[in-house]
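Following: one structure in structure tokens, then a few remarks.
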Amino acid sequence: MSRLPSPRADLGLREGYHSAQVDVAVRLNTNESPFPPPASWLDELAAALAEVPWSRYPDRAATGLREAIAASHGVRSDQVFAANGSNEVLQAICLAYGGAGRKALTFEPTYALHGHVAHLTGTPVVSEERDPGLRLGAARVTAAFERHDPAIGFLCSPNNPTGLVDPPEVLDAALATTSGLVVLDEAYGQFAERSSVPLVADDLPLVVVRTFSKTWALAGLRLGYAIAAAPVVGSLERVSLPYHLDAFKQLAGRLALGHEAEMAERVAAMVSERERLLDRLGRMPVTLWPSQANFVLVRPETRSGTEVWKGLVERSVLVRDTSSWPGLEGCLRVTVGTPEEDDRFLAALAEVLG
Ligand SMILES: *Cc1c(COP(=O)(O)O)cnc(C)c1O
């Protein structure tokens with residue numbers, strides 16, 4: 001008989017969040033950048049590593065990194081909270097503002113981690129649906145905030161997995177109605193035409209969350225941050241472990257911010273490639289949504305989503321099968337890759353669809 005104790009029953013032993021990883025030539029399933037970060041950044045980082053006092057704990061306040069992030073957004077460094085990926089930012093938000101009896105609200109379909117992280121922190125999750133076109137409008141948001149009065153209301157724009165951007169009235173409606181925090185996940189913000197970071201102010205319950213994983217081509221670094229009112233940043237710091245941001249990450253992130261122009265070039269290349277991909281897909285028997293992110297949502301009309309997903313894997317192309325997600329029957333999410341990768345995907349899809 002096993003003597004191992006059971007983990008917490010209230011966590012319900014949910015399966016962790018992950019994307020199927022199979023061995024294929026073309027990976028378009030996790031919205032990473034198809035480009036490596038600039039080689040000059042890597043050289044700078046390698047040289048700077050020799051100067052790090054490795055026997056010492058890192059700067060607990062991550063001063064240099066937060067100042068660099070603040071400068072890139074035109075905010076103050078006490079309005080910046082940095083953590084190990086934006087997922088850890090979400091966790092800190094739920095630890096500080098969620099918990100038993102304090103609801104988190106999501107609008108489905110959206111990024112699964114919002115609900116998952118809330119659940120892991122003991123925050124009850126309530127969900128509302130987007131409209132049948134997968135869009136969100138002000139009336140729906142106002143009604144949902146009034147009905148649930150959440151401690152944390154999650155918005156995501158551009159939304160994962162649809163790529164759709166919310167109209168500005170959506171955030172306005174949430175902020176006008178909430179008695180808690182409104183968390184706007186802008187993981188794909190730089191691929192879109194508009195950001196809500198400029199709205200952040202010390203008297204507004206708005207937290208905008210960003211990451212280095214997508215636009216910054218640094219998913220391997222695990223660095224994300226929030227821009228929020230200074231008192232909110234203070235609360236997030238108080239629920240974080242001491243020295244949660246290591247010296248390497250602080251340095252790598254700070255140096256990366258010195259390469260904004262090269263990053264902007266990568267983003268521009270991905271945006272134009274996204275438009276090419278949408279244009280080519282538009283000539284196939286599929287339904288599409290106008291994405292402002294680095295991925296597109298596709299619903300094949302002649303075969304089921306899972307059949308198409310399998311057919312693509314057989315042709316060594318991996319996309320995300322979102323067809324079992326609520327509201328996404330038959331849909332696949334495809335990350336924008338290099339033109340060569342996207343051409344392989346398009347050719348494979350044309351074959352599978354016949
Ligand atoms: C990819 C993604 C993130 C990134 O999380 P990290 O922990 O920073 O890698 C956050 N939010 C959304 C909506 C995403 O799609």
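Just so it is clear, none of the values below were taken in a lab; they were calculated from the coordinates. Everything numeric here is computed off the predicted structure, so don't read it as measured data. Neighbour counts are summed over all protein chains in view; Cβ atoms, including those assigned to glycine, are modelled from backbone coordinates with ideal geometry.
The GluC sites (Glu not before Pro) of the range 227-321 that meet both conditions, a loop assignment by DSSP and at most 15 other Cβ atoms within 10 Å of the site Cβ, are GLU301. Using Cα pairs closer than 8 Å and at least 6 residues apart in sequence, work out the relative contact order for the range 14-118, in percent. Normalised by residue count, the contact order of the range 14-118 is 20 percent. Available extension along the chain between GLU67 and VAL239 is 59.8 nm, counting 0.36 nm per residue and deducting the alpha carbon span. Only alpha carbons enter this Debye calculation for the range 40-145, each as an equal point scatterer, and the log10 of I(q)/I(0) it gives at q = 0.13, 0.14, 0.20, 0.24 Å⁻¹ is -0.73, -0.80, -1.10, -1.23. Counted over the chain, the DSSP beta bridges are approximately 50% antiparallel. The calculated P(r) of the range 268-354, using every Cα pair and 5 Å bins from 0, goes 3, 16, 29, 28, 17, 6, 1 in percent. Of interest is the spacing of the C-alpha centroids, which for the range 244-322 and the range 211-233 amounts to 19 Å. The trypsin sites (Lys or Arg not before Pro) found in the range 1-92 that occupy coil by DSSP, while having at most 14 further C-beta atoms within 10 Å, are ARG3, ARG8, ARG14, ARG56, ARG60.
The three principal axes of the Cα atoms in the chain give end-to-end lengths of 59, 58, 53 Å, sorted in falling order. Among beta bridges from DSSP that stay inside the range 52-259, the antiparallel ones total about 35%. Residue-normalised convex hull volume from the C-alpha trace of the range 52-259: 111 Å³ per residue.
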